[in-house]
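Everything below concerns the one structure shown next.
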């Protein structure tokens, strides 16, 4: 089993494009184009794309990405599943729960390729310009770019988008765009973003991921309010049907302005995408087997091993496939809310991590399908290995007195058991650590109590998926052997998200996803400032000036070598901070789908590229 988190900005394994926080020319449009200036290719310094480190794979005259089929037919539909509910069609704010897939209705300035670590090519922006010191980025917009109502996408819309997201959007945007000092419209088709702070090679690409919103549509609306009004977009799909909280259907726009661009050739092949919502994952699986929807990515190892058996699978109507990938798998784990007094001591956090028996869980619950996670950047070269290198020590040595000695002398490894369920050595070690932190088991009632006031250690493990109860309950029983009362509570998706937004939990299961190019999003994960911002992804409440400094160094890394070094140093400090009890990961996409679809022969290394699939019935 693995859980996936939302609100991500870089491509890190999403199944369908989720660029979140997303006509006829009249005489006035003709005048607008005439004022826009010459095409980008006539001016020096403009490029068709950007790569964070290294060269672009695709040249200025490329016709398509290699992992799509240019002959893929258009047509048909795919039905998918959502879990829980949704109550808003505004995906850019903290309030409300937007439906899955809404990002497909908003175009971004650039598009990330899935067969390069971090490269982007022009979508709304025809070209991009960045100086050697990376102090700004400029975009030249495509004259033909249009919103769904036929109005042109202009530099004024881009300026409006940045300003509205930073002032009224989800708190994430304020951290993500923190170093964008100003934005200006140069011409109706040219816009320039100026940056503050140290050199940030990633920031131009981050700006490229920004969805462009219509100023004319939003300027007279309350942007920070939830609404089920269908917003004006510009992407390949439009919202066609809506049953609030139950289902949403997107239709491919036959007049989509960008359909023939190289970044879109062979993509967005299905005419309709319908998301049906189910109350939990178990109900959704049974609905899939009954043919109520068509495609499913399986995150539960037990279900992948035993849950799909039935007539449809035996008759070959359902296809099950494991597709390898090279994506960093990030960190999933039991996350401590260090804002709670009980979890402020790292000795306590380390002790509680000792009694999670991964080996037993992998054998008895997961069919040995998983690998234990040992890094926040697992499955990538960014993960810390062995002892710190000389380059890492240059970053860490100035903080030696403030860091645990083991950062310098040991490579972090989570505890290992024999898988039998006998964890007495781990119990003894945990009790020793707890005693150092002032906690002892009372001889009277066998409860773990603190020496200062006699309070017992009790906390709640908050979940939003009942499937995780079978993992949490054995962990809670092991905690009980330490004299700790851990209550497992599962709530609906909306309540769960609201409680996470307000940091109203003790412990939860969470994913910190990573890309091959960590950068600005690390502030939202770990920065001290983010710990006090409702809705930030620093749900652990990390407040450490050393972490803050290392995050800034990751963001300002001038090349790939320094990025790897700085990420590894950050990884070590986070691991020895014991902010999570690490879980596990898989290096494959597990997908099940009804035998209605075909896909390209090439699967990219860094994504599933479901938007390159097509309805196979069209070929018959």
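Any residue that is at pLDDT 95 or above, surrounded by fewer than 14 Cβ atoms within 10 Å (Cβ to Cβ) and under 33 Å from the mean Cα position of the chain (by Cα) - is there at least one of those in the range 424-447?
No; the residues of the range 424-447 include none that is at pLDDT 95 or above, surrounded by fewer than 14 Cβ atoms within 10 Å (Cβ to Cβ) and under 33 Å from the mean Cα position of the chain (by Cα).
Can you pull out the helices (runs of 4 or more DSSP H) entirely within the range 404-523 that have at least 1 residues that are within 30 Å of residue 302 (Cβ to Cβ)? Even if it seems obvious, please write down each step before you answer.
Values: elements: 406-409, 424-436, 469-480, 493-501.
Here the list reads 424-436, 469-480, 493-501.
Quick check on residue 255: is it closer than 26 Å to residue 170 by Cα, surrounded by fewer than 21 Cβ atoms within 10 Å (Cβ to Cβ), more than 24 Å from the chain's Cα centre (by Cα) and in the same structural domain as residue 154 (by TED's automatic domain parsing)? Outline the logic, then answer.
Values: closer than 26 Å to residue 170 by Cα: no; surrounded by fewer than 21 Cβ atoms within 10 Å (Cβ to Cβ): yes; more than 24 Å from the chain's Cα centre (by Cα): yes; in the same structural domain as residue 154 (by TED's automatic domain parsing): yes.
The answer is no for residue 255.
Does residue 494 fit the bill of being assigned by TED's automatic domain parsing to the domain that holds residue 578 and crowded, with 16+ Cβ neighbours inside 10 Å? Show your work before the answer.
On the way: assigned by TED's automatic domain parsing to the domain that holds residue 578: yes; crowded, with 16+ Cβ neighbours inside 10 Å: yes.
The answer is yes for residue 494.
Would you say residue 535 is under 26 Å from residue 277 (Cα atoms) and under 20 Å from the mean Cα position of the chain (by Cα)? Walk me through it before giving the result.
Values: under 26 Å from residue 277 (Cα atoms): yes; under 20 Å from the mean Cα position of the chain (by Cα): yes.
For residue 535, the condition - under 26 Å from residue 277 (Cα atoms) and under 20 Å from the mean Cα position of the chain (by Cα) - is met.
What number of residues in the range 242-284 are part of a loop (DSSP other than H, G, I, E, B), in contact with a helix residue (DSSP H, G or I) (Cβ under 6 Å, 6 or more places away or on another chain) and under 29 Å from residue 464 (Cα atoms)?
Of the residues in that region, 1 qualify.
Going through the range 47-78 one residue at a time, which ones are buried (at least 17 other Cβ atoms within 10 Å of the Cβ), modelled with pLDDT of 95 or more and closer than 17 Å to residue 134 by Cβ?
49, 50, 56
Which fully enclosed helices (runs of 4 or more DSSP H) of the range 285-389 have 3 or more residues being buried (at least 19 other Cβ atoms within 10 Å of the Cβ) and assigned by TED's automatic domain parsing to the domain that holds residue 114?
Values: elements: 301-306, 311-314, 346-354, 358-364.
Because the criterion is at least 3 residues that are buried (at least 19 other Cβ atoms within 10 Å of the Cβ) and assigned by TED's automatic domain parsing to the domain that holds residue 114, no helices (runs of 4 or more DSSP H) in the range 285-389 meet it.
Keeping to the range 514-532, report how many residues are out of contact with any helix residue (DSSP H, G or I) (no Cβ under 6 Å at 6 or more places or on another chain), modelled with pLDDT of 95 or more and buried (at least 23 other Cβ atoms within 10 Å of the Cβ).
Residues meeting the conditions: 1.
Given the conditions (1) on the phi < 0 side of the Ramachandran plot; (2) at pLDDT 75 or above; (3) buried (at least 16 other Cβ atoms within 10 Å of the Cβ); (4) out of contact with any strand residue (DSSP E or B) (no Cβ under 8 Å at 6 or more places or on another chain), and given that residue 96 satisfies all but one, which numbered condition is not satisfied?
Every listed condition holds for residue 96 apart from (1).
The values are calculated or read from the model by the stated rules, or taken from the named source; none is laboratory data. Everything numeric here is computed off the predicted structure, so don't read it as measured data. For neighbour counting, all protein chains shown are included, and Cβ atoms are generated from backbone atoms with ideal geometry for every residue, glycine included.
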